[in-house]
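Shown next, in structure tokens, is the structure this report addresses.
The values are calculated or read from the model by the stated rules, or taken from the named source; none is laboratory data. Bear in mind the structure is a predicted one, so any value in this text is a computation, not a measurement. When we count neighbours, we look across all protein chains shown, and the Cβ atoms used for this are built from the backbone with ideal geometry, even at glycine.
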């Protein structure tokens, strides 16, 4: 049989030979870019007791994923950012990153929390910060995943969360 006879015009490709293992299932992929935010101590040092005075949580990235076409979808969220730390002298800071899930007909809920802490640093620097989140057997739905960042404390420094990227993958279980 000639190669042209095997070409599947409907699918737009040649059929795969029997691979001897289960074939991969289709994957949904969505990505989003976030903004970022700079948190700074307001003149004096701050700690857990007065962190709300610094700033309320800021949305730094979000992505929407519609899994309604999947059966018992597995979802993976990947978040990455660059954290710039600029101390005035010896500085320290702690940031809390929440992954919030908002779905149609369901209340918003936090599905994960990650912390980033810097202490006793005298020099400015930039480092990457990332996390992954997975959930299995979730109900098919259209959901938005939001990363919110909140300063727990910022002492003698400014800290900037920048270059935020978020990606969502989903596949039938």
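I need a count of the residues in the stretch 71-98 that are under 19 Å from residue 134 (Cβ atoms) and surrounded by fewer than 20 Cβ atoms within 10 Å (Cβ to Cβ).
Residues flagged as under 19 Å from residue 134 (Cβ atoms) and surrounded by fewer than 20 Cβ atoms within 10 Å (Cβ to Cβ) within the stretch 71-98 amount to 7.
Out of curiosity, is residue 123 outside any strand (DSSP E or B), more than 14 Å from residue 40 (Cβ to Cβ), in contact with a strand residue (DSSP E or B) (Cβ under 8 Å, 6 or more places away or on another chain) and free of Cβ contacts under 8 Å to residues at least 60 places away in the same chain? Talk me through it step by step, then tell me what you get.
Details: outside any strand (DSSP E or B): yes; more than 14 Å from residue 40 (Cβ to Cβ): yes; in contact with a strand residue (DSSP E or B) (Cβ under 8 Å, 6 or more places away or on another chain): yes; free of Cβ contacts under 8 Å to residues at least 60 places away in the same chain: yes.
Yes, satisfied.
Going by the structure shown, is residue 109 farther than 20 Å from residue 36 by Cα, under 16 Å from the mean Cα position of the chain (by Cα), free of Cβ contacts under 8 Å to residues at least 12 places away in the same chain and loosely packed, with under 15 Cβ neighbours inside 10 Å? Talk me through it step by step, then tell me what you get.
Working: farther than 20 Å from residue 36 by Cα: yes; under 16 Å from the mean Cα position of the chain (by Cα): yes; free of Cβ contacts under 8 Å to residues at least 12 places away in the same chain: yes; loosely packed, with under 15 Cβ neighbours inside 10 Å: yes.
Taking the combined requirement at face value, the residue satisfies it.
If you scan the stretch 41-56, which residues turn out to be out of contact with any helix residue (DSSP H, G or I) (no Cβ under 8 Å at 6 or more places or on another chain), modelled with pLDDT of 50 or more and either surrounded by 13 or more Cβ atoms within 10 Å (Cβ to Cβ) or closer than 30 Å to residue 171 by Cβ (or both)?
Hits for the stretch 41-56 are 54, 55.
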